[in-house]
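What follows is one structure encoded as structure tokens, with my remarks underneath.
The values are calculated or read from the model by the stated rules, or taken from the named source; none is laboratory data. Quick caveat: nothing in here was measured; it's all calculated off a predicted structure. Glycine also receives a Cβ, built like all others from the backbone with ideal geometry; neighbour counts cover every protein chain displayed.
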Amino acid sequence: MIAQVAVDFFKGLFQRMGLRLSVEFVEQRDNQLIYQINGEAKSLTTELINHLNRLGSQVLNQARDQARDQAQNQIKENNLVCILDVNGKLKQREALLAVIASDVADVVTHSNRRAVVEGLNASERRVVHQQLSENQEVSTKSEGDGDYRYLIVSVKRS
């Protein structure tokens, strides 16, 4: 199974890093593979943060991308996205993004001005796009390149 490729990759990575963490495949949403990373609170927060601080903040993202690349190579699929849910925070983050989407839509409709939302990764932008796709008063689009992509929310023109 394709999801097992990334599970094995992360287990090996965490073991080499000396971290007592578990990883399991949770679900697939379209092209998104969602993995749960769990560990004791002390182990997960202290050890992982200390390790990432030593190695640089991009290490987990690079590991996620490498796992995705390995999975893509096995099934010859180029648009897979690996999402890492650390200690169940993904649902909390999605709920927060839903509130942000609603608040931005309210500001845009009341001010009749567009809003630019920065600092979201591709998965987070996708959540906001999906949330606002049901809103008949606003439209969304992403612009920019690479790590500098941002979301624009505008009033729909009739």
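Among the residues of region 77-98, is there at least one that is modelled with pLDDT under 60 and of a type outside the set (A, V, I, L, M, F, W, C)?
Yes, region 77-98 contains a residue that is modelled with pLDDT under 60 and of a type outside the set (A, V, I, L, M, F, W, C).
Scan region 23-40 residue by residue and report those that are farther than 22 Å from residue 127 by Cα and touching a helix residue (DSSP H, G or I) at 6+ places or on another chain (Cβ under 8 Å).
Matches in region 23-40: 23, 24, 38, 39.
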